[in-house]
1. Sort the following peptides by mean Cβ neighbour count (other Cβ atoms within 10 Å, averaged over residues), highest first: 11-20, 44-53.
2. Where does helix 42-52 land angle-wise versus the long Cα axis of the chain, in degrees 0 to 90, nearest 10?
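Just so it is clear, none of the values below were taken in a lab; they were calculated from the coordinates. Remember, predicted model here, so these are calculated numbers, not experimental data. Note that we place each Cβ from the backbone using ideal geometry, even for glycine, and neighbour counts take in every protein chain shown.
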Amino acid sequence: MNNRLADLRRMQGVTQEELADALEVSRQTISSIENGRYNPSIILAFKIARFFGTTIEQVFIWEE
């Protein structure tokens, strides 16, 4: 699954550390999601989307 997390984060001027703190996860988790090494739980995906004021589908791109 691809994602736009790094792009959204940069557009908002938020560091990985700041996003991790806001979502109560580690910076390594944010890095792993951005690099496609980790797919977040549905709860974390909702938290990420809510943080950026968008939908899960705008953050995560499902390719079959």
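1. Values: 11-20: 14.0, 44-53: 15.9.
The packing order, highest mean first, is 44-53, 11-20.
2. For 42-52 against the chain, the angle is about 60 degrees.
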